[in-house]
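Input: a single structure, listed below in structure tokens.
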Amino acid sequence: MKTNPGRFFEDYRVGEVIRHAVPRTVSGGERALYHALYPARGALYSSDAFARASGLAASPMDDLIAFHTVFGKTVPDISLNAIANLGYAEGRWLRPVWPGDTIRSESEVIGVKENSNGKSGVVYVRTRGLNQHGEAVLEYVRWVMVRKRRDVPAPDPVVPHLQKAVAAADLVVPEGLDFTAYDFTLAGEPHRQRGYEIGEKIDHVDGVTVEEAEHMLATRLWQNTARVHFDVTAREDGRRLIYGGHVISLARALSFNGLANAQMIVALNAGAHANPCFAGDTVRAWSEVLDKAETSAPGVGALRLRLVAVKQGAAPFALKDGEGKYLPEVLLDLDYWALMPL
Amino acid sequence: MKTNPGRFFEDYRVGEVIRHAVPRTVSGGERALYHALYPARGALYSSDAFARASGLAASPMDDLIAFHTVFGKTVPDISLNAIANLGYAEGRWLRPVWPGDTIRSESEVIGVKENSNGKSGVVYVRTRGLNQHGEAVLEYVRWVMVRKRRDVPAPDPVVPHLQKAVAAADLVVPEGLDFTAYDFTLAGEPHRQRGYEIGEKIDHVDGVTVEEAEHMLATRLWQNTARVHFDVTAREDGRRLIYGGHVISLARALSFNGLANAQMIVALNAGAHANPCFAGDTVRAWSEVLDKAETSAPGVGALRLRLVAVKQGAAPFALKDGEGKYLPEVLLDLDYWALMPL
Amino acid sequence: MKTNPGRFFEDYRVGEVIRHAVPRTVSGGERALYHALYPARGALYSSDAFARASGLAASPMDDLIAFHTVFGKTVPDISLNAIANLGYAEGRWLRPVWPGDTIRSESEVIGVKENSNGKSGVVYVRTRGLNQHGEAVLEYVRWVMVRKRRDVPAPDPVVPHLQKAVAAADLVVPEGLDFTAYDFTLAGEPHRQRGYEIGEKIDHVDGVTVEEAEHMLATRLWQNTARVHFDVTAREDGRRLIYGGHVISLARALSFNGLANAQMIVALNAGAHANPCFAGDTVRAWSEVLDKAETSAPGVGALRLRLVAVKQGAAPFALKDGEGKYLPEVLLDLDYWALMPL
């Protein structure tokens, strides 16, 4: 067999480091496509001039371009036979990705736990994205439920202890970042970090109806090869499942309207793809301020945000029902830290 | 409220200058997408080598990339609550946009006139696109009908006097442009400016059936955020209205077949989006030669053209009915100057 | 008539060289779009770092970007009035195309043969792609059936003698290419050229359901202007015919799964677009190893492959029926040489 069947639950060993295939050089082409695929308007990722006025050498690649690129490489080794993507934790952006950088990924298996049915199990990996200098640009923990293929005994369960959220003190601010001369008019909104209250909720107003061609272009761009996104014969219902990351980027871009100054994502605390998204769905978003922090960089604060993506039919600020289950119109519940002028 | 509700008629003051948000750096990525979205084949915007043989440092960004980028930034401040985009005038391209340039926009309010119904009014703005050096790259006047929100008295009406067309003497030819060594074979057609007659009409033959994914990719690329283009719930009929600029670019690209040497748009004299365009429509175009002029640059002439976009069902050279109303199959009626080898 | 009606059979003369219009500069934008349009993962065309470790200055543009760009330019002169694209032969990639290169095309008419019905004929051309230095980057022979327009006598038939396949000794390996330090993990699969057997068949597993927006974006990107790809009114059945090259690129990208190390296409021996492809079709691919060869470059071998694209409903390894006719589910039968680590 020359083709890759993907790994099954019994193929993972705690401590093993998997080097993922196909490094990728990113450039202005990926940036332009990102802006065509998502209504992204964050000034720092749109303008070299704005980024320079903020102390950076140029506009870096969008934080979620880095995430999708790193994530996409892990799919053939981690989630080709996954039943479900269960969660994210301890995600940190460690260094900007610049146009021209070449990104590769590697994952360490940090936990395995077979399910009681004996037919599947949960695999925990800590994934790192590395640039061409071998420097880490991003790391995060992800856990997925993976099928078993062979009838082998269950491994000793190892469940990693994961932080509920990245501590503010552990956030990495890009070298040189300085928001003391921040131009709020050019950025699009007047709101500083100190203008947001913990518990405040924002309805981001806008909506986007999703097309098949769009999510497939996006998912291929990140070299994510999971069949269910591309092949109508892959699922019994004949529908192509939209890559969860597409919904993350849509919701993040929609959140510009109300969070235009939440410029850079620096941590991913948690995330759940609550319900599947399909072409024809109209995606909207709302946010809740979860926490606030200062950083050591001049004028730079941090905001911890819950970002919720919903589809048509959702009530305002829809999230969970009385039993704590996500409502059927909720697509995504993401918890992240972003940098913002103080 | 953290989100931007947009401006209403009563929020505009004559003389006010609005600096629009989100500067944007454009690159080879935007160019490649432009060529994927529109059947653009103008040699000067396709080839560095051709542009150099024409006296330029390299191939600039397409003239309409400049237009859409500048225009898109004005949407949140000018047309978010617009009922209709009424017209354009006095548009001039002042300087090429080069890959790597960062573009921002600002608009001066030059007129306001409340409608007799007291519920809306017309706002006139002169918009300028500026590069990272603060140099103007493009300017044009646009007027839109905007809703009133509050019951306030009508302002004193100010209606600017606008030129019917940019005078040939006011056209700005890019520095260095020289068509004396123009390669007509590489450009695609043998026709010089002097081979066109005033009054001549050209049917551009080709047609393009438009898809939802395409016009949304394009409109997002220019950071144009008007809901009606993206969200099926925004209009009562559940249809996404195609951004008028998408039709401009489609028609201009289709006009290559017959106007391959009309290389650079340098003025926008007038324009009307005669009827809405929706996905599934098949767009065609025809042109009429309105005027001809020389320029001071070697070998460079100018042609004033009417560019008409129509959809399926249109008769040849369809435009208006007996009462001077646009026929229902007419999408666009644009009046512009282009540079062409003499 | 200012518009181009295309050439008809009687317009071709053996020995004539046609310089095709609209040179094109390609960049990281075209590369990013290529990766968004096709599930391409070949490491050499994805990563500057990988390409440098293989002895090249940087990652070249994908081999099929070169092919489509050169091919697209020939359409207005060669196949605008074509009834059918009959075949390819003697295709060789002669030099990498680098980001920033400007590509133009020219074709020599090497054969003409009128059909017995007197209404059409076969035209043979040898097309060359040239970069901005005038160096050939690609050449291939193509023959098409073209309509006659005027009732003129048949020309003396000239049918060129074409090689069944490019000889291994005639393959051109890019200067500097060296696979002795090849990283099989980063490339995605462990299989060397010597691990493939002549006659071996590989089912590439994955499938892609094609959308209208995708094939139109792709076809426009290569400035291929044939109406049938874009205009629902161009064919009686109201369907847009997908550019055959789109199927080539889809199948080649799908073949990564099993042929990840078949890094660079260096020759096109033959090709047939067996049946039309339409939006909604789900494309899959399989390959057969036809031949193997060494090259003079360190660690670099060559594999001759048959690449077959099929659509939904195809049996495993579907190709021809008992009478040698392509089965209706077969879209493409391509014969090419690729470079691979020995």
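The values are calculated or read from the model by the stated rules, or taken from the named source; none is laboratory data. The model shown is predicted, which means the values in this text are computed figures rather than measured ones. All Cβ positions, even for glycine, are placed from backbone atoms using ideal geometry, and neighbour counts span all protein chains on display. Heavy atoms of the whole protein, side chains included, go into the accessibility calculation; ligands, DNA and RNA do not. Shrake-Rupley method; radii C 1.70, N 1.55, O 1.52, S 1.80 Å.
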Summed residue charge, Cβ within 10 Å of C:GLN223's Cβ, Lys/Arg positive, Asp/Glu negative: +4
The protein assembly as shown - percent of accessible surface contributed by carbon and sulfur, probe 1.4 Å: 49
Low-density loop positions, GluC sites (Glu not before Pro), segment B:266-342 - DSSP coil, at most 12 other Cβ in 10 Å: B:GLU323
Simple spin-label estimate for A:PHE278 and C:ASP291 in nanometres, 7 Å along Cα-Cβ: 4.9
Kirkwood Rh in Å, taken over segment C:112-197 so that all alpha-carbon pairs contribute: 17.7
Placed amide H near A:ALA270: partners under 5 Å, 5+ positions off or other chain: A:ASP335
Accessible heavy-atom area order of B:LYS201, B:LYS2, highest first, probe of 1.4 Å: B:LYS201, B:LYS2
Amide H partners (placed H, <5 Å) of C:SER120, local residues excluded: C:ASN115, C:LYS148
The protein assembly as shown: translational diffusion in µm²/s, Stokes-Einstein, Kirkwood Rh over Cα pairs, 37 °C, 0.692 mPa s: 110
Chain A: Rg to Rh, with Rh as the Kirkwood radius over Cα pairs: 0.95
Loop sites in segment A:174-236: GluC sites (Glu not before Pro), DSSP, at most 15 other Cβ within 10 Å: A:GLU175, A:GLU197, A:GLU200, A:GLU236
FRET efficiency for B:ARG149 and A:VAL17, using Cβ-Cβ distance with R0 set to 56 Å, rounded to 0.05: 0.40
Distribution of pairwise C-alpha distances over segment C:243-314, 10 Å bins, in %: 16, 50, 25, 7, 1
Segment C:GLU197-C:ARG239, length gained on full extension (0.36 nm per residue, minus Cα span): 11.0 nm
Chain pair A, C: total accessible area buried, heavy atoms, 1.4 Å probe, Å²: 3000
Listed residue (A:THR3, A:VAL205, A:LEU186) projecting farthest to the positive dipole end of the protein assembly as shown, Cβ model: A:VAL205
Solvent-accessible area per residue for segment C:166-342 (1.4 angstrom probe, square angstrom): 34
Cα centre as origin, Lys/Arg/Asp/Glu Cβ charges: chain B dipole, Debye: 800
Sequence-distant residues sharing a close amide H with C:ASP231 (under 5 Å, placed H): B:THR209
Dimensions in Å of segment A:170-342 - Rg and Dmax from alpha carbons: 17.3, 55
Computed FRET value (nearest 0.05) for A:ASN115 with B:LEU327, which takes r as the C-beta separation and R₀ as 51 Å: 0.20
Net charge of Cβ neighbours under 15 Å - reference A:PHE317; Lys, Arg +1; Asp, Glu -1: 0
Cα-based equivalent ellipsoid, segment C:68-151: semi-axes from gyration tensor eigenvalues, Å: 28, 12, 9
Spatially proximal aspartates and glutamates relative to A:LYS73 (Cα-Cα < 12 Å; intrachain offsets below 8 disregarded): A:GLU106
Cα pair distances exceeding 18 angstrom across segment A:296-341, given as percent: 44
